[in-house]
Every structure is written in C-alpha cells, then in structure tokens.
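Notes follow once the structure below has been shown.
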Amino acid sequence: METLLQIPIRIIKEQEFIIGPLAWDEARKVSGLNIDQIHNSVSFSGDSKDIINRLVAQYERFFGRASHAVCHNAVQDIIAKMSPEEIPSSLK
C-alpha cells in the first residue's frame with residue numbers, strides 16, 4: 001500500500017480508539033478523502049499531503065490540540081521512513 005494512503009487510516013483508527021465511531025464521521029467531512037470503512041481503505045481526490053493536513057486539522061478543530069499529538073503518534077513509525085519533503089506539514 002502506498003505510504004501516504006496508510007497515514008489517514010492509521011490516524012482514523014487511532015482517533016476511533018479514543019472517540020469511537022465519531023472518528024469516521026469527522027474524517028468523512030474532509031474534502032478529497034474518500035473512505036471505505038468496510039475495507040478500512042482510503043483514496044485521495046487531490047493533493048494527498050494537503051488532504052492529510054486537512055484531516056489532522058479536522059480532528060484538532062473538533063477535539064482540540066491533544067488530537068494533533070494523537071495523529072502524530074499514530075503515524076510516527078511511517079513518517080520516520082519518509083523523506084522530509086514527503087511528510088505532510090501537519091505531521092512534522
């Protein structure tokens with residue numbers, strides 16, 4: 001699976017662990033993020049890094065600054081393997 005496609009799934013699942021099914025509802029509000037909850041997969045319609053940034057912002061807007069840390073922690077092993085220019089700014 002493409003690395004950037006793994007990031008939103010990890011973030012959504014980690015948020016789901018904390019806030020339950022509402023995590024999926026909030027993720028669905030992010031324009032350009034196409035979610036298949038049944039198959040736990042996503043696709044992007046647009047710039048993937050921008051969409052990931054908007055997903056992180058959506059959780060932060062709704063749940064506060066602590067949710068940003070949850071997002072970052074959920075994907076730290078993935079972003080550790082990426083070059084700095086590949087990493088969405090919200091996860092740096």
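FYI, it's all coordinate maths here, none of it is from the lab. All figures in this text were calculated on a predicted structure; none of them were measured in a lab. With ideal geometry, Cβ positions are generated from the backbone for all residues, glycine too; neighbour counts draw on all protein chains shown.
Work out the charge dipole of the chain with +1 on the Cβ of Lys and Arg and -1 on the Cβ of Asp and Glu about the Cα centre, then indicate which of Val30, Asn40, Ser67 is farthest towards its positive end. In the chain, that residue is Ser67.
By the equivalent-ellipsoid construction on the alpha carbon gyration tensor, the chain comes out with semi-axes of 18, 15, 12 Å, ordered largest to smallest.
Computed about the Cα centre, the dipole magnitude for region 13-77 is approximately 160 debye when only Lys and Arg (+1) and Asp and Glu (-1) carry charge, each at its Cβ. 3J(HN,Hα) along region 63-76, derived from phi through the Karplus expression 6.51 cos²θ - 1.76 cosθ + 1.60 where θ = phi - 60°, amounts to 10, x, 4, 4, 5, 4, 5, 4, 4, 4, 5, 5, 10, 4 Hz, with x in place of Gly and Pro.
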